[in-house]
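Reviewing the structure listed below.
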Amino acid sequence: MKTKTKGKAIIGIAMVAIMVASVFVAMIGSAGAYSTGGQYNIIIKQQPTQSVLIGQDLDFNHSVVGWPGSIVTVSRVVEDSEEWSIMADANNHLKVSAAETQWTKSGAFYVNWNGTPTPSTYEAKLSVSTPSIPIDLKVGTKSVTSMAKGTNLTVDTAGMNLLENDTVKLIIKDPAGIQMKTKDGQTFDPITVENLTAWYGRGALGIETEKWEIGTYTFQIKTEPAEACGLNAESAVKELGITKGAIDIKADKTSVTELKTVILTVTGIADRNITVQADPTTKYALFPKGENDNPKTDADYWVQYCKFNHTIDADGKRTYSVKFNETGSYTIKVIDWVDGTLGNDDDLDDTVDITVSEKGVTFDLPASVVVGEKITIRGTATAGKYVDIWVDDELYSKLDDVVIEDGEFSEEVTTTDVGMTVPGSVRIKAWVFDEEGADPDKDVGDDPPTTTADGDTAILLTKPGLTAELSVTTVAIEDYFTVSGIAKGSTSVEILCVPPKGGGGKSLLDKGKTGLSPDRKASVSTVTDEFTKRLTVQEDATAGYYDIYVLTAGMDKTWGMTGKSDLYGADGALLVNYGITKIDSPNTDVGTKTQEDMKNILVDLVTSPGADDLYWVGRLKVEIAHVTLDPIASVGVGEPLVVTGTSNRREGFAIVITVKMGTEELTPQTVKVENGTFSATFDTTGATVGTYTVKADDGDGHTDEATVEILTAPPTPTPTVEVTPTATPTAPPTPTPTPTPTPTATPTPTPPGFEAVFAIGGLLAVAYLVLRRRK
């Protein structure tokens, strides 16, 4: 019985325990793991996947959830295979340590895994993640870094994955760096996660700041490990500036030039109605529509964009833009309606004063420019987005609404396109503005603004000029030459070549034609005003003197007074004045014109009264190409053989020189023409003695030949040694008997040596003395 009774008692106790456990489980819901605000995250047996955080302490031994009491093992399973496991301690507690990298690897975590991922083969399943404690300071729904005193502040922790009953610290430090655990009945440290979000989080009333000091505060959330399941984690630190609650306006600069934007910062109580205006209102103070927080529609503004109503933003701040188009001192006022109605006695206001100085334009132009040249109109502006540039009080399309970028403007024009057509001084003025159509913007054809120009300068226009030269005065047929020079104020020059026999003579440049070789224009550099044109003499050109003309139209870009921009052709100037259309064959109109006739025609055209055209003429001698060898002196074998000659081929033209005798040949040489001459030196060492033919060839069929003798090398001369006899004193002469001549045998002739020379000298001396004696 006792046994039964005892059994009944045990059964009764077990039923009560089960009932209590059921009630407790019902209280915590079906979320599984939970916190009681202590050191452990309690894991409930056989629940859906339960969330745990790295760094938490887990409890598998809580009496309420019915763990069997045996030490549990947590396994990491990948594709139904156990990859790693760890056992709880003797108290069935387990630390999800950040030092253990297995917690961050892929796979699922099971408690008491038995081989298959079905609830009947394990006792709980865990989802492991990293702690997340985001923090964002907001007013309403807007993130802020500053706000007005008295504005309610939201501490948004959306995305935080701590447990509701975990206790944390909302650490708020005032401008002195002192932590505020409580303030005005508000608790910050300690606080549960549930209360943190309910009292100060998204959608809550937020933190009241009516009695807070002005300055910079810091905010951070930290866990209390002993009351947050052992977790030691913290959020980032956020700063928040608290400004005075009264309405306030500040300008980023209080001294500016006209049209420069001033940034206004207005702070006050969030959502309060305000008015921003120039005081007094004036058309010269403009709030550009849509810039920063400026209203975007016309309906939001009062007269001429100088006043508008608005509201303080949720963060207690607004940023506006204002600019001024006239010099002077201006006051910008902001009015806080306080009770929601403008004009009541309780309205608050604040002002800022701004001084506006004159805007300016500085030109960067050359002192002078040639009429007809391109010029870049450039400069700097202290304000504005556009500039109108006027030339002698005339606005041209190319200088209308020139864009200003980073305070600079630049526009390339041709002088004649913007009224700079007559030599002399012109006045250039500029007015800057912000918007097309806004004062002082004007259109082409309008009169200049009546206000003083923002900048002006003068520039001197000079007449165009022309110089030219030929690279050579003499050229061989089929060689080339160049015409080069400087043509200020021109974009191109015309080149004409008049043959020796005039317009009916053979063309200098066009094979098979007669006439003036048309269509040879040369472009003029817009930077250096230089031009150059290389021309090749065609193979059937006439030997003789050609007249080379370089011509350019004047400042009006037309020839003479004809109004024609073409020199020749069906609509050319030569047709208007002289009935000449074609200047080359076939059907040429200049076939009977001599060189002198063509000179008279061309000079008459460009120098006629009222014309400003320019010309240059040079004479070019055309010759049949030739190569001529100079006479060549004979040389001995081993001596250098120097070959020289002359040629009218162009400078640097290559001439091939050969020296041959039958099959014998010295190494050929290629030399270049320099100043009409050429020279080559051959090495004759080892050459065969004889007569050689020297040939110079230009490769175009022009050759010359000469002969040269290469002689036997002369004998090497024997060095001569000169001996000077030593002088011997001579004694006074004494009588000497005359010797009797003794016949002497004829000796065999041998070359006289030095001894014989001295002997003969002695005999001659004796003979001389005997003769003197007899006398």
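The values are calculated or read from the model by the stated rules, or taken from the named source; none is laboratory data. Fair warning: this is a prediction, and the values are worked out from it, not measured in the lab. Note that each Cβ is placed from the backbone with ideal geometry, even for glycine, and that neighbours are counted across all protein chains shown. Heads up: the accessible areas ignore ligands, DNA and RNA and are worked out on the full protein's heavy atoms, side chains in. Shrake-Rupley method; radii C 1.70, N 1.55, O 1.52, S 1.80 Å.
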Over the chain, what is the mean sequence separation of C-alpha contacts under 8 Å (at least six apart), divided by residue count, expressed as relative contact order in percent?
6
Among [x] 218, 64, 58; [y] 125, 89, 50; [z] 197, 96, 72, the entry derived from the coordinates for Cα extents along the principal axes in Å:
[z]
Past 20 Å, Cα to Cα: identify those pairs from LYS149/LYS250; LYS142/LYS253; LYS95/LYS125, in the order given.
LYS142/LYS253
Can you tally the net charge around LYS359? Count Lys and Arg as +1, Asp and Glu as -1, for every other residue whose Cβ sits under 11 Å from the Cβ of LYS359.
-3
Averaging over all projection directions, find the projected area of the Cα convex hull of the range 349-472 and quote it in nm² with one decimal place.
10.5
Relative contact order [Cα under 8 Å, 6+ residues apart], the range 542-659, whole percent:
29
Counting only heavy atoms of protein chains, what accessible area per residue, in Å², does the chain have with a probe of 1.4 Å?
52
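With charges only on Cβ, +1 for K and R and -1 for D and E, what is the dipole size of the chain about its Cα centre, in debye, rounded to 20?
Charge dipole of the chain: 3100 debye, to the nearest 20.
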DSSP loop (so not H, G, I, E, B), at most 16 other Cβ within 10 Å: list which GluC sites (Glu not before Pro) in the range 374-463 pass both filters.
GLU435, GLU436
Semi-axes of the equivalent ellipsoid for the range 412-531, Cα gyration tensor, largest first, Å:
49, 15, 12
When the charge dipole of the chain is computed with +1 on Lys and Arg Cβ and -1 on Asp and Glu Cβ about the Cα centre, the Cα farthest towards its positive end, among PRO225, PRO518, LEU365, belongs to PRO225
Give the percent of DSSP beta bridges with both residues in the chain that are antiparallel, rounded to the nearest 5.
90
Can you give the alpha-carbon Rg of the range 607-692 over 2.2 N^0.38 Å, where N counts its residues?
1.80
Those aspartates and glutamates that a straight Cα-Cα span of less than 20 Å connects to LYS506, excepting residues fewer than 8 apart in one chain
GLU478, ASP479, GLU494, ASP519, GLU539, ASP540, ASP547, ASP584, ASP589, GLU596, ASP597, GLU623
Assigned charges on the beta-carbon of Lys, Arg, Asp, Glu; the range 110-217 dipole about Cα centre (debye):
200
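Defining a contact as two alpha carbons under 8 Å apart and six or more residues distant in sequence, what relative contact order in percent does the range 45-146 show?
Once divided by the residue count of the range 45-146, the mean separation gives 33 percent.
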Lysines whose Cα lies under 29 Å from that of LYS374, excluding same-chain neighbours fewer than 8 positions away
LYS359, LYS385, LYS398, LYS429, LYS442, LYS463, LYS488, LYS521, LYS533, LYS557, LYS564
LYS250 and GLU412 label points (each 7 Å along its Cα→Cβ direction) are spaced in nm at 4.8
Rounded percent of accessible protein surface that carbon and sulfur make up, the chain, 1.4 Å probe
52
Please work out whether the range 532-595 counts as rounded, prolate or oblate from its C-alpha gyration tensor, where a ≥ b ≥ c are the square roots of the eigenvalues and a/c under 1.5 means rounded, while otherwise a/b larger than b/c means prolate and anything else oblate?
oblate
